Amino acid sequence: MSTQRIFDVASVRQDFPILHQSVHGKPLVYFDNAATAQKPMAVLAAMQAYYESINSNVHRGAHTLSDTATAAFENVRQQVARFLGAREAAEIIWVRGTTEAINLVAQSYGRSQLKPGDEILVSQLEHHSNIVPWQMVAAQTGASVIPIPVNAQGEIDQTAYAGLLSPRTRILAVNHVSNALGTINPVKAMIAQAKAVGAITVIDGAQATPHVTVDVQDLDCDFYAFSGHKVYGPTGIGALYGRRAILEAIPPWQGGGEMIERVSFEGTTFNHIPHKFEAGTPAIAEVIGLGAALDYLQAFNTTDLHRHEQALLRRAVELSEGIEGFQAIGTAANKVSVCSFVVEGTHPSDLGTLLDHQGFAVRTGHHCTQPLMARFGVPGTVRASFSFYNTLEEVDRFFVALDKCIRMCR
Amino acid sequence: MALPYSEQDLALFRDNPLGSHTTLDDIRENFDFLDDWESRYSYVIDLGKQAPRIPEAHRTDDHLVHGCQSQVWFIYHLDAGKGTLQVLVDSDAVIVRGLAAVVMTAFNNQPLAHIARFDMEALFAELDLVRHLSPTRGNGLRAMVKRIQATAAALLPA
Ligand SMILES: Cc1ncc(COP(=O)(O)O)c(C=O)c1O
């Protein structure tokens with residue numbers, strides 16, 4: 001990129017208006033980035049500008065505004081295709097988010113292809129949104145959902161995985177990065193192994209896209225899903241990458257306008273990909289906002305952002321050693337800036353409440369990963385998840401506050 | 001929910017200082033005196049520690065109160081002669097246990113009709129505790145109170 005922006009955390013923080021406020025009289029420290037990331041002004045401005053100057057329905061009107069909106073909208077599809085390393089924009093389907101993307105694959109691919117006896121492998125690390133849609137389609141088709149175990153570090157047990165693969169394996173559905181623990185999974189190798197037994201692969205990229213560079217061609221996956229709101233874009237928009245040959249072969253999921261070529265009571269023919277999977281008026285402003293978010297990120301050398309996040313994680317790990325009874329949940333060698341933990345003699349919800357009173361926004365609970373919590377024998381964890389706009393000083397203050405919370409609880 | 005209580009269990013109900021030794025007025029006075037969030041929370045947490053724990057044997061699924069992020073259990077003993085109720089609420093989270101302590105103080109050794117009609121929202125508003133409750137925690141607390149009040153109402157003579 002020609003006009004690359006130098007990463008500087010102080011200047012970056014100026015781009016996020018929400019960070020500059022007080023909670024319970026204390027300066028807000030936002031450490032719940034894995035739940036949703038904050039939005040830079042550029043995203044808000046792009047959405048505002050869209051509504052102020054080009055709002056109109058896409059792919060429909062024979063008028064200037066609609067043409068402008070359609071061009072802007074389709075431009076972002078190109079942009080997302082580049083962001084994911086897809087071959088072409090037609091392989092990018094707009095969805096509400098990762099959840100909807102996985103449901104689409106389950107209901108379109110899964111429902112049309114699965115038979116009794118077929119197996120869907122998911123890991124024990126999965127978010128409920130990469131478990132429940134598979135359970136639903138399994139109930140509809142007679143297939144079964146098989147969990148791949150996770151080791152004590154919070155990594156997918158690769159030996160167990162290899163042992164579970166068989167000609168019955170039809171789908172491998174795993175996350176690229178775990179939301180509860182931050183583990184970066186070796187999905188490239190796992191995808192290759194799944195392919196070798198003839199399975200298709202569905203990668204949940206909700207937590208990977210904010211922190212690692214993704215290239216679906218290099219991964220060689222069949223589907224890859226992510227949510228806009230976790231990459232500093234708006235809620236209500238996400239994307240599903242699907243390999244063209246598969247997208248063309250499988251039936252549409254939802255029916256309606258946009259997704260048809262021709263409708264008659266004698267029979268209806270469907271539109272081409274990606275539109276075949278996009279029934280109804282899409283989230284146009286949100287697509288525009290997502291485009292602005294990706295522009296914002298790509299103005300930097302993204303490895304600078306990731307390096308800063310890793311520095312935050314290292315500081316957290318270092319400081320956690322000074323906390324008596326601190327038990328990190330998820331200690332994979334390869335992980336993103338997520339610090340998930342329990343503290344002996346305290347409940348995560350207590351720590352969450354007391355941290356909130358000191359201005360720290362963290363997530364507590366099961367993080368929509370109940371099977372994983374059961375695996376670790378904890379009711380839930382406290383999860384501090386860092387973004388590039390967080391500072392080392394915030395991490396330092398966090399551990400001082402945490403220490404105080406623990407003393408109050410004991 | 002007929003519970004076979006041992007002598008030790010019954011002693012837990014009897015010896016609970018909340019609602020006997022410690023009264024709502026005590027709590028109100030202390031709250032008047034404590035003016036920052038930290039001392040209030042510390043006080044609530046300490047109150048929770050005054051309550052006897054529910055023995056493991058009684059922490060069964062049918063004594064679980066649903067709708068809480070932490071686990072919350074509730075057992076009770078009816079003093080049939082006096083028509084009063086003794087309740088024990090326990091949780092694996094100390095703040096919930098503290099809030100439950102306020103509830104126990106309001107309900108313990110009170111007539112069933114009083115419990116069934118008690119306005120807990122008003123008490124928590126008066127103590128300025130509601131403001132500090134997240135919607136999820138607040139819902140758990142409400143679920144706990146609702147369960148106790150429904151129990152009291154069901155035990156009222158027709
Ligand atoms: C790993 C993972 N998968 C799926 C989801 C679901 O994403 P969304 O709620 O945006 O559909 C999340 C969000 O928390 C997630 O972290």
(request) For the stretch A:189-200, name all the residues that are open to solvent by less than 20 Å² (accessible area, probe 1.4 Å) and either basic (Lys, Arg) or within 16 Å of the ligand (Cβ to nearest atom) (or both). (result) A:Met190
(request) Give the residue that is most open to solvent (accessible area, probe 1.4 Å), with candidates limited to residues of the stretch A:344-364 that are in a strand (DSSP E or B) and of a type in the set (A, V, I, L, M, F, W, C). (result) A:Ala361
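Each row is one residue, and each column tells you yes or no for (1) modelled with pLDDT of 95 or more; (2) farther than 29 Å from A:Ser123 by Cα.
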| position | (1), (2) |
| --- | --- |
| A:Glu309 | yes, no |
| A:Glu321 | yes, yes |
| A:Gln327 | yes, no |
| A:Thr331 | yes, no |
| A:Lys335 | yes, no |
| A:His347 | no, no |
| A:Val362 | yes, no |
| A:His366 | no, no |
| A:Ala374 | no, no |
(message) Tally up the residues in the stretch A:321-365 that are away from every other protein chain (no Cβ under 12 Å), in contact (Cβ under 8 Å) with a residue 24 or more places away in the chain and farther than 14 Å from A:Val382 by Cβ, please.
(response) 9
(message) One residue is enough: does the stretch A:25-47 have a residue meeting the conditions open to solvent by 50 Å² or more (accessible area, probe 1.4 Å), away from the ligand (no atom under 16 Å from the Cβ) and within 14 Å of another protein chain (Cβ to nearest Cβ)?
(response) yes
(request) Take the stretch A:201-255 and flag every residue that is within 13 Å of the ligand (Cβ to nearest atom) and either charged (D, E, K, R) or modelled with pLDDT under 95 (or both). (result) A:Asp204, A:Lys230
(request) Out of the residues in the stretch A:77-110 that are within 16 Å of the ligand (Cβ to nearest atom) and in a loop (DSSP other than H, G, I, E, B), state the one that is most open to solvent (accessible area, probe 1.4 Å). (result) A:Arg96
(message) Kindly evaluate B:Gln71 against the criterion of being touching a Pro at 6+ places or on another chain (Cβ under 9 Å), among the polar types (S, T, N, Q) and at pLDDT below 90.
(response) yes
(message) Being surrounded by 15 or more Cβ atoms within 10 Å (Cβ to Cβ), within 14 Å of chain A (Cβ to nearest Cβ), under 18 Å from B:Asn16 (Cα atoms) and not charged (D, E, K, R): is that true of B:Ser70 here?
(response) no
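The values are calculated or read from the model by the stated rules, or taken from the named source; none is laboratory data. As the structure is a computational prediction, the values presented were derived from the model and not from experiment. All Cβ positions, even for glycine, are placed from backbone atoms using ideal geometry, and neighbour counts span all protein chains on display. Accessible surface is based on the protein model in full, side chains and every heavy atom, while ligands, DNA and RNA are left aside. Shrake-Rupley method; radii C 1.70, N 1.55, O 1.52, S 1.80 Å.
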